[in-house]
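Colleague: Following this message is one structure expressed as C-alpha cells.
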Amino acid sequence: MTALLEVAGLVKHFPMRGGAVRAVDGVSFTLDRGETLSLVGESGCGKSTVGRCVLRLLRPTAGQVTLAGQRIDTLPERRLRPLRRHMQVVFQDPFSSLDPRQRVVDAIGEPLRNFGLASGAALRARVAGLLDQVGLPAAAMDRLPHEFSGGQRQRIGIARALAPGPDLLICDEAVSALDVSVKAQIVNLLMGLQARLGLALLFISHDLAIVEHLTHRVAVMYLGRIVETADRAALFAAPRHPYTRALLSAVPVPDPLAARNRTVLRGDVPSPRSPPPGCRFHTRCPAAFDRCRTEEPVPRQVGPGHIAACHLEA
C-alpha cells in the first residue's frame, strides 16, 4: 500500500548574512492513512519547520514531499490550492490561531466557503455537526473566541481543521499550551477522531508522556536530522540512540521515590548555523568516541522497523 505522505531528503535552510540556518537537513519518513507518527525533540531541532514544509507554508530548499502519490513541494500555488483541503493543521496556541473578531461559525465555515463545500443554511448545519464532533454545542457558533477557555478554543481549531475533510492532520504542539487535564481531553479527542475518520496524524511534540499515549511510531529529531525511528513499543522499551535515551530519562514519573537512571546531557545544543562535524550529537553525547567526531553516522536498521543513526549500533 502506498503511504499517504512521503517525505524524502527534506532540507530547509534560512539564508542569513554570512551563511544559513540549517533548520532541516535531510529528513525522510513516511506516514500511512490512519497512522500517527510523532516527531519529537528539543525546542529548535527543526520539527515544526518540517511540518510547515509539508504544508507548503514554507517552500523547501531541497527534497521531495509527496501526498497521496502526487509530489507537492514543487507545485505552483494555483495547482496546490485544491490539494490544501486534504492537509490541515492545528496550531500550538489556541488564543492566537483564531481571529478575535470572527465568530466561531465564520472561523469554521471559512474553509467550507473557500473550497466551495457549503454556504448559507447548509454551512451552518455543517458547522453545527463539526462542533458536535469536537464536543461543543451548536449554540457556540454565534460566539466570539474570547468567550471560550483555552481547551474549548483548541476544540474550535480542530473543528476548523476538520471542516474541509482532510486526510492528513498536522498537530504542531497542539496540546503544549493547555493544562494537564485539558491535554488529556484533547489527546483523547484526537484519537477518537482518527479512529472514526481514518485520519493520518503528524504529531509534533516535545512531550514524550503524551506521545507514548497516542502514537503508533516515533521519529526523534536532533539539530535538523532524524536520529531514530521506531514503533512506540520498541522505542519506549529499548531506545537505541543515546539522545533518545536521554530524552526518555527526563520524562517525569508520578512516584517521587521511584528509582531513576537519569542521563543529564552536558553543554548546549550547537548552533544550526554551523553544526559540528561527524555526528551532530557528539558534543553532548556521554558515549561519544573518536569516530563520532569525524564521521557522520548512517541510519541503519537495528530491529524490525527500528532505525538509528549511531556508530554504537554499527
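Colleague: Check whether at least one residue in segment 245-266 is touching a Cys at 6+ places or on another chain (Cβ under 8 Å), at negative phi and in contact (Cβ under 8 Å) with a residue 24 or more places away in the chain, and report yes or no.
Modeller: no
Colleague: Go through segment 82-103 and give me each residue that's under 22 Å from Lys183 (Cβ atoms) and either aliphatic (A, V, I, L, M) or touching a residue at least 12 places away in the same chain (Cβ under 8 Å) (or both). Show your work before the answer.
Modeller: As a first pass, look at segment 82-103 and keep what is under 22 Å from Lys183 (Cβ atoms): 88-98.
The answer is Gln88, Val89, Val90, Phe91, Gln92, Asp93, Pro94, Phe95, Ser97, Leu98.
Colleague: Are there any pairs, at least 6 apart or on different chains, whose C-beta atoms fall under 8 Å, with the first in segment 140-151 and more than 15 Å from Ser97 (Cα to Cα) and the second part of a helix (DSSP H, G or I) and polar (S, T, N, Q), and if so, which?
Modeller: Ala140/Gln152
Colleague: I'd like to verify a number: residues in segment 278-299 that are under 25 Å from Met16 (Cα atoms) and in contact with a Lys or Arg (Cβ under 7 Å, 6 or more places away or on another chain), how many?
Modeller: 2
Colleague: Okay, next question. Quickly run through segment 9-66 and pick out the residues that are farther than 30 Å from Leu193 by Cα and among the aromatic types (Phe, Trp, Tyr).
Modeller: Correct list: Phe14 only.
Read-outs throughout are calculated quantities, based only on the coordinates presented, and are distinct from any laboratory measurement. From a predicted model like this one, the values you see are computed outputs, not experimental measurements. Here Cβ is always computed from backbone atoms with ideal geometry, including for glycine, and neighbour counts include all displayed protein chains.
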